[in-house]
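The values are calculated or read from the model by the stated rules, or taken from the named source; none is laboratory data. The structure displayed is predicted, hence computed values, not measured ones. All Cβ positions, even for glycine, are placed from backbone atoms using ideal geometry, and neighbour counts span all protein chains on display. Ligands, DNA and RNA are stripped out before the accessible areas are found, and what is left, the full protein with its side chains, is counted by its heavy atoms. Shrake-Rupley method; radii C 1.70, N 1.55, O 1.52, S 1.80 Å.
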Amino acid sequence: MGRSRRTIPEELLLLALDPATGTTAQPQSLDLGLAGAQLVELALAGRIAPDGDRIAVVMARPTGDPTLDSALELLRRRGSPVRAVHWIGGPRLGLRQTYLTHLERCGMVHAVAGQMCGVLPTTRYQATETAISREIRSRLDNAIRTGVPPDPRTAALAALAHAVGLGKHLYPGNEGRSSRSRLRDLIRHDPMGGLVAHAVMDVQNGAAAQPRRAQAAAGGAVRQPAARATANASDTPGQSRHGHVRMARVGAR
């Protein structure tokens, strides 16, 4: 994979960076989104493919991107397809910082050291290549405004942006409600992006931790399809009715 093209994890992170504060919006769900974005990027590179609700390695050859190749190798070692929700819900310590460091090394952001309460050291990240961030945002805006089916990369990016709750960050207030709704609707334009985005939302909602026997106890009732559940949800994915994010502790298998 050539490095002339930005990866979806990189673009998702640039979308989440707040230019005013230098912090990332929705940091907890963003970590899940970055793990999901790696899956989408690997699928676009022809290394993995969906197998129902699972992810299967179809080509183990490295892409040339160290972070993606690390994820690909972990998937290969599983030996059998893994459920997307279990992969995304597994431990991904340091993934966001890895990508921030990479973006800084590429000159797309620069780190600004500071202190919290005059004691605790903090680091903020400001975008330096603002034209790149504007181009990424423009692709989403065009897809929302025109209604023309976007290319797979933009569709997957939109799906992940919705899944991690960036809608209110990108299109705030009542005036942004229709844009947030159309952002959510773009999830249907890329099957892999849709699968991964729904898995991200399922992990946030704790669905990955629900044992399958709960369905049997309910007389074989099937959980509401993810697409319909998303359509009926509020603007912010991964929240309970009281608005609190519920993170699942999920063990990969």
**Message:** Explain nothing, just compute: Karplus ³J(HN,Hα) = 6.51 cos²θ - 1.76 cosθ + 1.60, θ = phi - 60°, for every residue of the range 125-135 in order, whole Hz, x for Gly and Pro.
**Reply:** 10, 10, 5, 9, 8, 5, 4, 5, 4, 5, 5
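Relative contact order (percent) for the range 21-161, with alpha-carbon contacts under 8 angstrom and 6 or more residues of separation?
Working: 122 pairs, mean separation 29.6, N = 141.
RCO, the range 21-161: 21 percent.
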**Asked** Ordering LEU44, LEU100 by how much accessible area each has at a 1.4 Å probe, largest first, what is the list?
**Response** LEU44, LEU100
**Complete:** Whole-Hz Karplus couplings 3J(HN,Hα) for the range 152-160, θ = phi - 60° and coefficients 6.51, -1.76, 1.60, Gly and Pro as x, run x, 5, 5, 4, 5, 4, 5, 4, 6
**Prompt:** Amide H to amide H under 5 Å from ASP51: which residues, 5+ apart in sequence or cross-chain, H placed 1.01 Å off N in plane?
**Reply:** ALA56
**Request:** Would you kindly find the accessible area of LEU157, with a 1.4 Å probe and non-protein molecules such as ligands, DNA and RNA excluded, rounding to the nearest 10 Å²?
**Result:** 0
**Item:** Accessible area of SER179 in the full protein assembly, 1.4 Å probe (Å², nearest 10)
**Value:** 20
**Complete:** By accessible area (1.4 Å), largest first, HIS162, HIS169 order as HIS169, HIS162
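According to the Cα gyration tensor, what semi-axes, each the square root of 5 times an eigenvalue, does the equivalent ellipsoid of the range 10-59 have, listed from largest to smallest in whole Å?
Details: eigenvalues 158, 25, 6 Å².
In descending order, the three semi-axes are 28, 11, 6 Å.
Can you quote the Å³ per residue value for the convex hull of the Cα atoms in the range 1-156, rounded to an integer?
Details: hull volume 20.3 nm³, N = 156.
Convex hull of Cα atoms, per residue: 130 Å³.
Grab the beta carbon distance between THR130 and GLN28, set R0 = 35 Å, and tell me the FRET efficiency rounded to 0.05. Please list the in-between numbers first.
Numbers: r = 26 Å, r/R0 = 0.75.
FRET efficiency, THR130 to GLN28: 0.85.
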**Asked** In whole percent, how big is the carbon plus sulfur part of the accessible area of the range 109-186, probe 1.4 Å, protein atoms only?
**Response** 55
**Message:** From the C-alpha coordinates alone, can you work out the Kirkwood hydrodynamic radius of the range 11-96, in Å?
**Reply:** 13.6
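Over the range 1-108, with every protein chain in place, what whole percent of the accessible area is carbon and sulfur at 1.4 Å, could you tell me? Before the final figure, lay out each step's value.
Numbers: 2400 of 4600 Å².
Of the solvent-accessible surface of the range 1-108, carbon and sulfur hold 52 percent.
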**Prompt:** Can you pull the accessible area of GLU135 for me, 1.4 Å probe, Å² to the nearest 10?
**Reply:** 70
